[in-house]
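Encoded as structure tokens, the structure appears first; notes follow it.
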Amino acid sequence: MARILLGITGGIAAYKACELVRLLVRAGHEVLPLPTPGAERFVAAETFYALARIAPPADPYPHLGRADALVIAPLTANTLAKLAHGLADNVLTEAALAHRGPLVVAPAMNTRMWEHPATQANVDVLRDRGAIVVEPGVGELAEGEVGAGRMAEPAEIATIVAQALVGLEGSALEARPPEDSVQSGVSGALVGKHVLVTAGGTREPLDSVRFLGNRSSGRMGVALAAEARRRGAKVTLLAANLTVDPPDGVQIVNTPTAADVERETHVRSAAADVVVMAAAVADYRPVEPWAAKRPKDSVTWKVVLEPTADVLAGLGARERNGQVLVGFGAETGAAGLDRKRAMLHDKNLDLVVYNDVSREGTGFDADENEVVLITRAGERAVPRAPKPLIAAAVLDEVERLLEQSKQEDRSGSA
Ligand SMILES: Cc1cc2nc3c(=O)[nH]c(=O)nc-3n(C[C@H](O)[C@H](O)[C@H](O)COP(=O)(O)O)c2cc1C
């Protein structure tokens, strides 16, 4: 299907690249492994060639040939720095300079290395050049520390590579609806559309181990992503500390804090036909989180909180060209519905999904929800139902809004 250069660099997670090779080969791709000398200290190059079902290349320049995508997993801090600065001192960094097309990287390293300003600046350089960064997850690292830096799972990386290939313009892999929607004859306004969904609840650090969070599980956003995908959309899910499994076949970007949601939404929303902001994003964050764990003592710990950016208002204020913008509003009490009615106009949204989180068994961290859909055309109450059914009702409304904007476009250009 596609020709993929797979760079593997010198971290413990190199062993996970074996699974990634298998997944890419199983998906029908031709994979050329490009392990760095550092990677070969962990896994022999022959293992990668065997899994890719190819002989070690005899040609000295196979890495400079045409490729549909360059994937680097794991990406060390060292190679990341080289990529950011354009160094070319091994086959992988040479390939990276010669490659034209999607670059997908999955960094993996010790938490302090990942959080270092030099590393973060290098990641930003790559992002600004259009690289797709599969964020490392939080968990136990090889050296026993716990924190951000663990390489994303191979299945997640393979899914993102598939999405990057679908998004290629002007090639044999040109954008098309997901195959299962073609096979099952799915039709509707969401087929082939880009849908960006935020899900979960953000956590704002108080120190290196404590945070201010909320009770959102991410079930509602995950149900929306799954339903959009089922309706034939290409879905990107910005995942904030999900406590449920994300659906298959969607691109997942980890966004643990409000700042991450803001940054990734900003970068990715311009290409989206529909943006659904279902995550519970913190309204306030500690002004000065401690870098390390604050030791326990008898002194009162006063924390000053500052407001976070209003991402939804920022999206609503932009030129949208037919993009449908959906906001979720969790409120408690009778005045909540009025506040959400006002939000539709104040933030220039197309649809507000109001839910009263004071009710027992619905809303945050529950399997069911009960919502009111508020649009400029009117309001519709959706009675208590499992979240997948609520997601279907929300996306019915989104499809109606997409059709409406298509018709307005037609009558505008007639
Ligand atoms: C046991 C061990 C584990 C390592 N794990 C990582 C890692 O996970 N991430 C990282 O950035 N560097 C890691 N390093 C350091 C890299 O191997 C080192 O920076 C090397 O120069 C990377 O070369 P490369 O980027 O060309 O593959 C590790 C080193 C050792 C000895």
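Cβ-Cβ contacts under 9 Å between residues 6 or more apart (or on different chains), taken from a first residue in the stretch 215-230 that is over 8 Å from GLY200 (Cα atoms) and in the same structural domain as PRO247 (by TED's automatic domain parsing) to a second residue that is open to solvent by 20 Å² or more (accessible area, probe 1.4 Å) and of a type in the set (D, E, K, R), are listed as ARG215/ASP365; VAL222/ASP245; ALA226/ASP248; ALA228/LYS193; ALA228/LYS234; ARG229/ASP180; ARG229/ASP248; ARG230/ASP180. The residues on offer are ARG41, ARG53, ARG3, ARG66, and the sole one that is within 16 Å of the ligand (Cβ to nearest atom), out of contact with any Ser or Thr (no Cβ under 9 Å at 6 or more places or on another chain) and farther than 17 Å from GLU156 by Cα is ARG41.
TRP290: modelled with pLDDT of 95 or more, more than 14 Å from the chain's Cα centre (by Cα) and more than 24 Å from ARG129 (Cβ to Cβ), yes or no?
On the way: modelled with pLDDT of 95 or more: no; more than 14 Å from the chain's Cα centre (by Cα): yes; more than 24 Å from ARG129 (Cβ to Cβ): yes.
No: the conditions fail for TRP290.
Only one entry of GLY139, GLY149, GLY144 meets the criterion of being out of contact with any Leu (no Cβ under 9 Å at 6 or more places or on another chain), within 15 Å of the ligand (Cβ to nearest atom), open to solvent by less than 20 Å² (accessible area, probe 1.4 Å) and not aliphatic (A, V, I, L, M), and that entry is GLY139.
For the stretch 92-99, check the following and say yes or no: at least one residue is outside the structural domain of ASN254 (by TED's automatic domain parsing), within 14 Å of the ligand (Cβ to nearest atom), open to solvent by 20 Å² or more (accessible area, probe 1.4 Å) and not hydroxyl-bearing (Ser, Thr, Tyr). Full working, then the answer.
Our first condition is that a residue be outside the structural domain of ASN254 (by TED's automatic domain parsing); within the stretch 92-99, this holds for 92-99.
Okay, now just the ones that are also within 14 Å of the ligand (Cβ to nearest atom), so 92-96.
Those still in the list that are open to solvent by 20 Å² or more (accessible area, probe 1.4 Å) too: 94, 96.
Add one more test, that the residue is not hydroxyl-bearing (Ser, Thr, Tyr), and what stays is 94, 96.
Scanning the stretch 92-99, I find at least one residue that is outside the structural domain of ASN254 (by TED's automatic domain parsing), within 14 Å of the ligand (Cβ to nearest atom), open to solvent by 20 Å² or more (accessible area, probe 1.4 Å) and not hydroxyl-bearing (Ser, Thr, Tyr), so the answer is yes.
Counting only residues that are in contact with a Leu (Cβ under 9 Å, 6 or more places away or on another chain) and at positive phi, the stretch 287-327 holds 1 of them.
Within the stretch 13-51, can you find the residues that are small (Gly, Ala, Ser) and either assigned to a loop (DSSP other than H, G, I, E, B) or in contact with an Asp or Glu (Cβ under 8 Å, 6 or more places away or on another chain) (or both)? Spell out the reasoning first.
Restricting attention to the stretch 13-51, the residues satisfying the condition of being small (Gly, Ala, Ser) are 13-14, 17, 27-28, 38-39, 44-45, 50.
Within the stretch 13-51, ALA13, ALA27, GLY28, GLY38, ALA44 meet the criteria.
On the given criteria, is ALA88 in contact with a helix residue (DSSP H, G or I) (Cβ under 7 Å, 6 or more places away or on another chain) and in a loop (DSSP other than H, G, I, E, B)? Yes, satisfied.
The values are calculated or read from the model by the stated rules, or taken from the named source; none is laboratory data. Owing to the predicted nature of the structure, the values given are computational and were not obtained by experimental measurement. Methodologically, a virtual Cβ is constructed for each residue, glycine included, from the backbone with ideal geometry; neighbour enumeration extends over all protein chains shown. The accessibility values were calculated without ligands, DNA or RNA, using every heavy atom of the protein model including side chains. Shrake-Rupley method; radii C 1.70, N 1.55, O 1.52, S 1.80 Å.
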